[in-house]
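The values are calculated or read from the model by the stated rules, or taken from the named source; none is laboratory data. All values reported here derive from a predicted model rather than from experimental measurement. When we count neighbours, we look across all protein chains shown, and the Cβ atoms used for this are built from the backbone with ideal geometry, even at glycine.
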Amino acid sequence: MMVLDMQTKPSRPRWYELYLQPCVAELLGTALFVFIGCLSVLKDSKDTGLLQPALVHGLALGPIVTIMEGI
């Protein structure tokens, strides 16, 4: 019995993986970032000043980047 060792070519990414997915991920990430930032200002207490929106933006950026980095 003869065993054939055929190597297959790796498949090329499709057009939507190259162009559409990154655009949709960027749109979704930016929308989440702005939405979370706007929500942090709605219930702003007078004691925190600019600290609350700054913390919310900083802490929201980490998970958003981690979720979207695969795309």
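A few notes on this one:
- Qualifying residues in segment 22-71 (those that are part of a loop (DSSP other than H, G, I, E, B) and small (Gly, Ala, Ser)) - the one modelled with the highest pLDDT: Gly70
- Selection count where residues are touching a His at 6+ places or on another chain (Cβ under 9 Å) and of a type in the set (A, V, I, L, M, F, W, C), scope segment 16-71: 2
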